[in-house]
Amino acid sequence: MNDCKKKISVLIPCYNEQDNVVAISNAVLEQFDKNLTDYDCELVFIDNCSTDNTRPLLREVCRNNVRVKAIFNARNFGQFNSPYYGMQQCSGDCVISMCCDFQDPVELIPVFVEAWKKGAKIVSGIKTQSDEDKLVRFLRTCYYKLIQRMSDVEQIAHFTGFGLYDKDFINVLRNLKDPTPFLRGIVAELGFKRVNIPYRQAKRKSGKTHNNWYSLFDAAMLSFTSYTKVGLRFATISGFMVSFISLMVAIVYGIYKITHWNSFSAGIAPLIIGVFFIGSLQLFFIGFLGEYIMSINNRIMNRPLVIEEERINF
């Protein structure tokens, strides 16, 4: 009879989460034991080479419960590759991906499953409210508005990847072979039937966040280079306009100098200002183009998403 049950996989990426891994595993399994008894479940942790006590704790949790599985990465493969790879290793009829720090509420697991039962292929958790820093929240909102205007693909505002994904979507991920995956963009791009579930994002239960300005910038640039052409077009148009204006200024400057030879004493200040302005503009767009080139380079190298060091309970 048990073989007839559908199986739900819950994926939890982690890095230095010794204060949370035991608590989150208990909380997730409690949801299944109380509210989802009609389903089989597996809880999969993918550890991105933690340097604290996370791995010994995961080994103990796996030893005490065969429903809990773990993948240990050989090194830290980044905030995007590890969860993307982990989703592909799950064996359930659907996969629920969530953070280890309790910012993604475990109480939404039955809500996601109910939406999936009604036919949704993807159920996205949308942060309509958040207890995070107000400045960070404001900057995130500005970023989402900007990327939505610039992208050819609809981008999902305040979607972090927390959600449920049907196995049909997971199978597509397995065939994409994208070495630099941006799951949030892929979800919006592929067009599977999606339901959005609003929630309030809480603060971390324990430990320190591993997000910083560099990781946020990395996420923003991956999104821009993967799903927008506007940056390149803007660089081309701006370069043309500035070149045209510079040419006009040079012609006017030359004519004025010829016609007012005896009284002309403007000095080199306009020339210096023009050189610095054009030079700074060039440096900005060279850096912007470099982001696109770096993204292309990563895709051409086609390195594996993750190298595993160890698996437990698979």
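Bear in mind these aren't lab numbers, they're just calculated from the coordinates by the rules spelled out. Please read these numbers as outputs of a predicted model, since none were measured by experiment. Here Cβ is always computed from backbone atoms with ideal geometry, including for glycine, and neighbour counts include all displayed protein chains.
Among the trypsin sites (Lys or Arg not before Pro) found in the range 10-101, those both in a DSSP coil and sparsely packed, with 14 or fewer other Cβ atoms within 10 Å of their Cβ, are R75. Could you list, in their original order, any pairs among K69/K118; K34/K117; K118/K177 whose Cα atoms are separated by more than 26 Å? With Cα atoms farther than 26 Å apart: K69/K118; K118/K177. Using the Cβ-Cβ distance between K34 and R174 with R0 = 25 Å, the FRET efficiency computed as 1/(1 + (r/R0)^6) comes to roughly 0.20. Each other residue within a Cβ distance under 10 Å of I156 adds +1 if Lys or Arg and -1 if Asp or Glu, for a net charge of +1. Normalised by 2.2 N^0.38 Å, where N is the number of residues, the alpha-carbon radius of gyration of the range 49-100 equals 1.20.
Can you compute the FRET efficiency between E107 and I293 using 1/(1 + (r/R0)^6), with r the Cβ-Cβ distance and R0 = 30 Å? Round to the nearest 0.05. Could you put the intermediate results ahead of the total?
On the way: r = 44 Å, r/R0 = 1.47.
E(calc), rounded to 0.05, equals 0.10.
Counting charges near I307 (Lys, Arg +1; Asp, Glu -1) among other residues having Cβ under 14 Å from its Cβ returns a value of -1.
Could you work out the local net charge near P198, counting Lys and Arg as +1, Asp and Glu as -1, over the other residues with Cβ closer than 14 Å to its Cβ? Please report the intermediate quantities before stating the final value.
Details: positive: K127, R194, R200; negative: D104, E107.
Computed value for this residue: +1.
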